[in-house]
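Enquirer: The structure's right below; bear with me while I get my questions together.
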Amino acid sequence: MTTSAGLTSELIDQISKSCIDLFNKLPKTGKPVDKEWTVLSCIVQYDKLCDKIQVVSLGTGSKCIGATKMCPKGGILNDSHAEIFARRGFLLYLYDNIRKNIKNKPSIFRLCEGVFKLKENIEFVFYSSQLPCGDASIIAKNGHEEHYGDILEHNFSSDVCSGIPCKKMKMEEDIHRTGAKCLPQSEQDPQESGINYHLLGQVRTKPGRGDRTLSVSCSDKMSKWVHLGIQGSLLSLLCDPVYLKYFVFGAQVPYSKETLERALLRHSTCYTLSVIPKFYQSSLSFGNIRHEHNTRPAPGSIFWVNTEHKMHEVAVQGKKLGITKKGANSLNSSLGISKYNLYKTFFDILNLDDNIRERIVGNDDTVNISYNNMKGKSKKYLENWLLVKEKVFKTWTVKPDIWNFYVNAA
């Protein structure tokens, strides 16, 4: 059960166990083998009325493709980190519940004046076996990482709208480092020995070898979800923002509540958060975390989502595992959580209800609205995102405007 102070220790461990148990029940394909590690992330639904938890989305993985491999047709996943797979699967779960509401089936949503709103008894918890890559991973190696914030330099700018400054850590020992890189247009890490290796509060792109990725770190993406909701722009055309109420992280990995607050909340005084999430560490650990015996990341990523028809797929390099080279370019073979298939799911919803369709697209021929143009219709979300970028992040990665693809909505 929850209390006014947040999750109880029993519920925290129950959430972790549910996620780990679900992973263990899935087939072996895509899971780590000898000397491999991965990250496990899940989104867990908590029903306060019946005090029930349920894993609704699961993802694993730690890979990301380079900028030159991005697919303009939306068929390849740019980012296959566990946190992102869990979130994209969760989008399918939200679409599935909107569909259920339209069909008068039990749903987490209620319809109010044409907009789907989350029922008040429903809350969501984000679980991950370790802290996200990027700023949240920069933690002191002092043996008391949960209290490391006491030895950070908190000499922030007097300008309350300046966000988190790029200050160096002021500690007696070394820090855990992140492979995520500062944006090219930003100040770069000094990469000096020990505590002066990193800057704090930087938006970063994900680590990778060779072709550099344009995907920002999981810390930055999760911070965006905290500020704007996890639903993104397309779903914002259908429903109110959906916020994560709690974050739970696994044991036996570096952990710091203060670091998470810095990286995900970003101590902004210029943007009022609708929901201020709470952070916890479980006493249970995931069996495939990175340690001295697990020396390399598993190449595959897994996603599973609790939709009406359970979906479970394995990906390698952003593509569905097992697809032949000839079929790799077919959109029909793309992952269920690809941009293309999520956009197709969005159209499926529009075609279920004429009133919803008319409210969003008017008299437009929906077949002739591209992915980017449809996202552009989410005016309020995009206005809030511009404000958050300006006031909170200050900068963000720049991706080419290549996703102008269409889907067959017939």
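The values are calculated or read from the model by the stated rules, or taken from the named source; none is laboratory data. Fair warning: this is a prediction, and the values are worked out from it, not measured in the lab. For neighbour counting, all protein chains shown are included, and Cβ atoms are generated from backbone atoms with ideal geometry for every residue, glycine included. Side chains included, ligands, DNA and RNA excluded: accessible areas come from the protein's heavy atoms. Shrake-Rupley method; radii C 1.70, N 1.55, O 1.52, S 1.80 Å.
Enquirer: Using 1/(1 + (r/R0)^6) with R0 = 35 angstrom and r between the beta carbons of residue 368 and residue 173, what's the FRET efficiency to the nearest 0.05?
Expert: 0.05
Enquirer: Quick one: which residues, 5+ away or cross-chain, put their amide H under 5 Å from the amide H of residue 407? H built at 1.01 Å from N.
Expert: Amide H neighbours of residue 407: none.
Enquirer: Next question, about the same structure. Could you sort the peptides 238-245, 270-277, 131-138, 37-44 by per-residue average Cβ neighbour count (10 Å cutoff), highest mean leading? Please list the in-between numbers first.
Expert: On the way: 238-245: 20.0, 270-277: 13.8, 131-138: 27.9, 37-44: 26.1.
Output ranking for 238-245, 270-277, 131-138, 37-44: 131-138, 37-44, 238-245, 270-277.
Enquirer: For 192, 258, what's the largest-to-smallest order of accessible area, 1.4 Å probe?
Expert: From most accessible down to least: 192, 258.
Enquirer: I'd like the Karplus ³J(HN,Hα) series for the range 95-101: coefficients 6.51, -1.76, 1.60, θ = phi - 60°, whole numbers in Hz, and an x wherever there's a Gly or Pro.
Expert: Whole-Hz 3J(HN,Hα) from phi for the range 95-101: 4, 4, 6, 5, 4, 4, 4.
Enquirer: Quick one: Debye curve from the alpha-carbon atoms of the range 25-147 only, equal weights, vacuum; give me log10 I(q)/I(0) at q = 0.15, 0.19, 0.20 Å⁻¹ to two decimals.
Expert: -0.92, -1.16, -1.20
Enquirer: Under a crude label model (7 Å from the Cα following the beta-carbon direction), how far is residue 359 from residue 240 in nanometres?
Expert: 1.3 nm
Enquirer: Next up: In whole Hz, what ³J(HN,Hα) sequence does the range 75-91 give by Karplus (6.51, -1.76, 1.60; θ = phi - 60°), x for Gly and Pro?
Expert: Each residue's phi maps through the Karplus curve to give x, 10, 6, 5, 10, 10, 5, 4, 4, 6, 5, 4, 5, 5, x, 5, 4 Hz.
Enquirer: Relative contact order of the chain: what whole-number percent is it, with Cα pairs under 8 angstrom and at least 6 residues apart?
Expert: Details: 835 pairs, mean separation 98.9, N = 410.
Averaging sequence separation for qualifying contacts and normalising by length gives 24 percent for the chain.
Enquirer: Please give the Cα centre distance for the range 247-306 versus the range 112-132, rounded to the nearest Å.
Expert: Each part reduced to its Cα centre gives a spacing of 17 Å.
Enquirer: Pick from 313, 187, 36: which residue has the top mean-square fluctuation in a GNM of the chain where Cα pairs under 10 Å get a spring?
Expert: 187
Enquirer: Separate question: Using alpha-carbon positions, what is the distance between the centroids of the range 340-358 and the range 371-410, in Å?
Expert: Here the two parts' Cα centres lie 19 Å apart.
Enquirer: Does anything in the range 19-42 have its amide N under 12 Å from the 7 Å Cα→Cβ label point of residue 321, and if so which residues?
Expert: Those under the cut-off are 26-33.
Enquirer: Just from its helices, what would the mean residue ellipticity at 222 nm be for the chain, if runs of 4 or more DSSP H residues each count -39500 (n - 2.57) and the sum is divided by every residue, rounded to the nearest 500 deg cm²/dmol? Present the calculation step by step, with values, prior to reporting the outcome.
Expert: Values: 9 runs with 93 residues, N = 410.
One gets -6500 deg cm²/dmol as the mean residue ellipticity at 222 nm.
Enquirer: What list of ³J(HN,Hα) couplings, whole Hz, do you get for the range 122-128 from phi and the Karplus terms 6.51, -1.76, 1.60, once you set θ to phi - 60° and write x for glycine and proline?
Expert: With the stated coefficients, the range 122-128 comes to 9, 10, 10, 10, 9, 10, 8 Hz.
Enquirer: Using only protein heavy atoms and a 1.4 Å probe, report how much of residue 226 is accessible, in Å² to the nearest 10.
Expert: Probe radius 1.4 Å; accessible area of residue 226 about 10 Å².
Enquirer: Just to be sure I understand the model, the point goes 7 Å from the Cα along the line to the Cβ. What's the resulting residue 312 to residue 51 distance in nm?
Expert: 3.1 nm
Enquirer: Does the chain classify as rounded, prolate or oblate by the C-alpha gyration tensor (a ≥ b ≥ c root eigenvalues; a/c under 1.5 gives rounded; else a/b over b/c gives prolate, otherwise oblate)?
Expert: Because its axes are fairly even, with a/c under 1.5, the chain counts as rounded.
Enquirer: Based on the Cα atoms of the range 225-346, what semi-axes does the equivalent ellipsoid have, where each is the square root of 5 times one gyration tensor eigenvalue, given in whole Å with the largest first? Can you show the working numbers first?
Expert: On the way: eigenvalues 185, 123, 32 Å².
With the √(5λ) rule applied to the range 225-346, the semi-axes are 30, 25, 13 Å.
Enquirer: Mind giving me the nanometre distance, one decimal, between the label points for residue 285 and residue 111, set 7 Å out from Cα along Cα→Cβ?
Expert: My value for the distance between the label points is 5.0 nm.
Enquirer: What does the extension gain come out to for residue 102 and residue 21, with contour length at 0.36 nm per residue minus their alpha carbon separation? Write down the numbers at each step before the final one.
Expert: Numbers: separation 81, 0.36 × 81 = 29.16 nm, distance 3.24 nm.
Here the answer is 25.9 nm.
Enquirer: Pairs 25/73; 105/221; 73/103; 73/377; 339/379: which exceed 28 Å Cα-Cα? Show your work: numbers first, answer last.
Expert: On the way: 25/73 34 Å; 105/221 32 Å; 73/103 31 Å; 73/377 20 Å; 339/379 20 Å.
Flagged as over cut-off: 25/73; 105/221; 73/103.
Enquirer: Mind listing the long-range amide H neighbours of residue 64? Cut-off is under 5 Å, sequence gap 5 or more, other chains count too, H placed in the peptide plane at 1.01 Å from N.
Expert: For residue 64, the qualifying residues are 80.
Enquirer: How high is the relative contact order of the range 240-283, in percent, with contacts defined as C-alpha pairs under 8 Å that are six or more residues apart?
Expert: Once divided by the residue count of the range 240-283, the mean separation gives 65 percent.
Enquirer: Can you tell me what share of the DSSP beta bridges in the chain is antiparallel? A percent to the nearest 5 is fine.
Expert: 80 percent
Enquirer: While we're looking at this one, here's another question. Amide H neighbours of residue 37 under 5 Å, counting only residues 5+ apart in sequence or on other chains, H built in-plane at 1.01 Å?
Expert: 296, 298
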